[in-house]
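Notes follow once the structure below has been shown.
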Amino acid sequence: MPVPVPRQRAIPAVESGQAQSAAPISGGPSAPEAPRQDATVEHTENKNTHHNGATGTANTHLTLLLIEDDPGGTVLPELLDRSGRPIRVRTARNLTEAERLLTDDVHCILLDLALPAPGRGDDSDELAVLKHVLELAPRHAVLALTASGDAERGAEAVRVGAQDYLHRDELDGRLLSRAIRYAVERKRSDSAERRLAEGRVRAQENRRLERGLLPTPLLDGSPLRFAARYRPGRSRALLGGDFYDVVRTSDGTVHAMIGDVCGHGPDEAALGVELRIAWRALTLAGLCGDELLGTLQQVLEHERADDEIFATLCTVDIAPDGRRAGLCLAGHPSPLLARPGRAARLLPYEKNGPALGLLPGARWPRMQVELGAEWSLMLYTDGLIEGRIGEGRERLGQDGMVSMVRRQLAEGLRGEALLRAAVNEVRDLNGGELTDDVAVLLLDRVG
């Protein structure tokens, strides 16, 4: 619990004459407040700003607002900052006048707790005036001024929200100057901690939201095995512009889809989620092939923020017997098919249609593909093949990916282990994290 300011207290970094100002009250212009690690870092970052409440330069003059109903009741000594410049003092006789004087350059408020609070019917609340000031100036540092020896009331003022308290008989210039600087520093530190805590909460909420938007495959009753890997390109994100889904319809057909919205920001991620949900709804409603892709293009055109945004897509519908599939490509890389005793290869790409959102009235032919009795089908986005190889400009490409997967299959990797190895090796070849989103899914049928 804070106690009255001692006369020999250690001097913090803020006493170097680089005091931070509090942010302006509601209604006034304000400068962005940056999170800080310590006073030294904050001062370095702010050394070129000294207006609209931005502080941290040697040129900043501290300003104190004294709220005291009796101008002669509190005689303030001369107040100097560390460099010897005077601390400016303004005096308000009541809270109405104080509100008018609370401009951007006020750093600290010295409040007489004996001042009556306007509009408060409960006289038993000894801190009513302080609560009113805290509501009036939530971003300003506040020092509570109590009667001599009234430490209990001062400590309660700190619990309510003041940065510190002082007794009237302690108001010598050196002590009060230091207390002002301490209060400003504490308020700035508290504000930084609050912003960090709020940021953590928002980040946790965003992660929960993004995690909830990732798909849950609907494969009940299907003998096919499913695995997927997903790595968004955005730092600290769970969701990117890539999207995928797998569902089994009532006739036993398994439908799989993977797509990629151009771009990597949150807007592209949101559009990818919309397209995935639309694809699932349309697929469960019985649409497939050209009709399905044409409807998805309409969804894209209505939901995109810019006419230049498009999305590539690959859809596969696997027959109930698991031996054949229909394939539609909308500007998307062709899937890779692996079968026992045969080298893994890419499925035909010749009848590929345009990406969604590029050509009005486009068509997307459906190709029939023979799969066989036992197979693995890998769908992926271009993030898997566009990573660089080493420090040069050469990219992995589809041929490099096929060779890599062939080798990994020969090493006995299957399912989740295969996808994990593929994504990790692509990242290693790139020399670090991939900048593009990567989504890979694998369907296996064991004969």
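The values are calculated or read from the model by the stated rules, or taken from the named source; none is laboratory data. The shown structure was predicted, so the numbers you read here are calculated from the model rather than taken from an experiment. Methodologically, a virtual Cβ is constructed for each residue, glycine included, from the backbone with ideal geometry; neighbour enumeration extends over all protein chains shown.
Tabulated data for the structure shown
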item	result
Some residue of segment 426-437 being surrounded by 17 or more Cβ atoms within 10 Å (Cβ to Cβ), among the polar types (S, T, N, Q) and more than 34 Å from the chain's Cα centre (by Cα)	no
Those residues of segment 438-447 which are surrounded by 15 or more Cβ atoms within 10 Å (Cβ to Cβ) and over 28 Å from the mean Cα position of the chain (by Cα), in sequence order	442, 443, 444, 445
Residues of segment 163-179 satisfying the condition of being in a helix (DSSP H, G or I) and touching a Ser or Thr at 6+ places or on another chain (Cβ under 9 Å)	168, 169, 170
Count of segment 377-395 residues which are touching a residue at least 40 places away in the same chain (Cβ under 8 Å), among the small types (Gly, Ala, Ser) and at negative phi	2
Check on residue 418, at pLDDT 95 or above, within 28 Å of the chain's Cα centre (by Cα) and buried (at least 21 other Cβ atoms within 10 Å of the Cβ)	no
Filtered residues of segment 369-391 (kept if acidic (Asp, Glu), part of a loop (DSSP other than H, G, I, E, B) and under 16 Å from residue 422 (Cβ atoms))	386
From 292, 313, residue being at negative phi, in the same structural domain as residue 262 (by TED's automatic domain parsing), hydrophobic (A, V, I, L, M, F, W, C) and in a strand (DSSP E or B)	313
Only listed residue being touching a Gly at 6+ places or on another chain (Cβ under 9 Å) and at pLDDT below 95, chosen from 354, 365, 348	365
In segment 131-162, the residues that are closer than 19 Å to residue 194 by Cβ and free of Cβ contacts under 8 Å to residues at least 60 places away in the same chain	131, 134, 135, 142, 160, 161, 162
Residue in segment 223-281 that is farthest from residue 202 (Cα to Cα), counting only those that are part of a strand (DSSP E or B) and hydroxyl-bearing (Ser, Thr, Tyr)	244
From 238, 219, residue being at pLDDT 85 or above, in the same structural domain as residue 372 (by TED's automatic domain parsing) and surrounded by fewer than 19 Cβ atoms within 10 Å (Cβ to Cβ)	219
Set 128, 92: member being assigned by TED's automatic domain parsing to the domain that holds residue 170, in contact with a strand residue (DSSP E or B) (Cβ under 9 Å, 6 or more places away or on another chain) and modelled with pLDDT of 80 or more	92
